[in-house]
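I have placed the structure first, in the form of structure tokens, so that the comments after it can refer back to it.
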Amino acid sequence: MPYSEAFKRRMIQKMSNSNAKSANALAKEEGVSQTSLSKWLRDAGKLGSMKKRVHKPEPEEKTTIRPQQSRPQDWSLVEKLRVVVEADAMPPEELGGYLRREGLHESQLEQWRQAVLEALEGRRPRRKNTTERKRIKELERELRRKDKALAEAAALLVLKKKAQAIWGDEDDDTDRRNGG
């Protein structure tokens, strides 16, 4: 059965928007074969003109700002911020599906979230890091000083033992001569 281009575009849109349905689910719902739906979706990814028509926003469906084939590393700051805000607004049980649709890993989202928080804090972390670095330097200086003192004490103990081994215990010799 031949289908119109408009119908194909609607089906492709339903399989590729943010609330995307699988080809199997859509096939059962619309009465179209799953293989046809999959082929239309695959062809839409290959054809530039159809691809442009597929991603036109429709009033009831939400589309993404970024092109679907770009890598998360190539996204603009606006796109990354959009994802962070949307992810923070949704319940935890929906987050996995959302990240899959966006083509992201949870670690990427967490990195972006940290970057947003640091930017909003106005470089406070750098001042904090500077304070922490100063504290670390002070502690390292104190540790070196104590290490030197410990090494000196250990050297004195070794010398004392060597002196006792060479000359013997002076207190014992003195008592024998006096008491003798």
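Summary table
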item	result
Greater than 27 Å apart at Cα, pairs in LYS14/LYS80; LYS8/LYS28; LYS137/LYS162	LYS137/LYS162
Computed E for ALA119/ASN19 - FRET, C-beta separation, R0 41 angstrom, nearest 0.05	0.85
Ascending count of other beta-carbon atoms within 10 Å, so fewest first, for VAL83, VAL158, VAL32	VAL158, VAL32, VAL83
Burial ordering of TYR98, TYR3, fewest other beta-carbon atoms within 10 Å first	TYR3, TYR98
For GLU106, GLU79, order by how many other beta-carbon atoms lie within 10 Å, fewest first	GLU106, GLU79
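Values in this text are rule-based calculations from the coordinates and carry no lab data. Keep in mind that this is a model prediction, so the values were computed, not measured. Note: ideal-geometry Cβ built from the backbone for every residue, glycine included; neighbour counts use all protein chains shown.
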